[in-house]
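Colleague: The structure is given below, and queries will be raised subsequently.
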C-alpha cells in the first residue's frame, strides 16, 4: 500500500511544483472558506461569547457588591450587638449595685430590729427579775418576821403573834439590817 501511494505523491509534486506552496485555486478556496468561517464566528459566536462574558462580569460585580453590602450589614449588626452588650453590662452592673445597696439596707434594718427586740427582751427580763426579787424579798421578810416572832415568843414565853408592836419591831430590825447592807455595799 505504501508503494501505491508513493507514485501519486510524486505525481502531485510534479503538477503543482511545491509541497509547501498550494495551488492558486486551493489558496482562493481556502481563503474564502476561512473568511466565511471568520464572518460566521464574528456574527454569531463572538456576540454570544461577549454576552456570556458580560453576564459573568455582571454576576461577579453583583457578587462583590452583595458581599460588600453583606459586610457592611454584618459590621452594622456587630456594632449594634456590641453597643447592646455594653448597655446590658452597664445595666447589670447598675442592678448589682442597687441590689447590694438594698441588701445593706435590709441587713441594717434587720440589725436595728434585732437590737430593738434584744433591748425589749432585756428590759422585760430585767423587769421580771426585779419583780421576782421583790416578791422573794417580801416573802423572805414575811418568813423572817414570822421566825423572829416565833423565836421571841419562845424566849419570852408568851405568844407575840397578835402583837402589832412585835411586828413593828421586826420590820424596823429588817430595815436597819438592809440599810447596813447598802452602806457596806456602797463603801
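The values are calculated or read from the model by the stated rules, or taken from the named source; none is laboratory data. As the structure is a computational prediction, the values presented were derived from the model and not from experiment. When we count neighbours, we look across all protein chains shown, and the Cβ atoms used for this are built from the backbone with ideal geometry, even at glycine.
Colleague: From the list 136, 126, 152, which residue is touching a helix residue (DSSP H, G or I) at 6+ places or on another chain (Cβ under 8 Å) and within 30 Å of residue 171 (Cα to Cα)?
Modeller: The match here is 152.
Residue-wise test of (1) modelled with pLDDT of 85 or more; (2) out of contact with any strand residue (DSSP E or B) (no Cβ under 6 Å at 6 or more places or on another chain); (3) surrounded by 10 or more Cβ atoms within 10 Å (Cβ to Cβ); (4) not in a helix (DSSP H, G or I).
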{"position": "86", "(1), (2), (3), (4)": "yes, yes, yes, no"}
{"position": "122", "(1), (2), (3), (4)": "yes, yes, yes, no"}
{"position": "137", "(1), (2), (3), (4)": "no, yes, yes, no"}
{"position": "144", "(1), (2), (3), (4)": "no, yes, yes, no"}
{"position": "151", "(1), (2), (3), (4)": "no, yes, yes, no"}
{"position": "155", "(1), (2), (3), (4)": "no, yes, no, no"}
{"position": "159", "(1), (2), (3), (4)": "no, yes, yes, yes"}
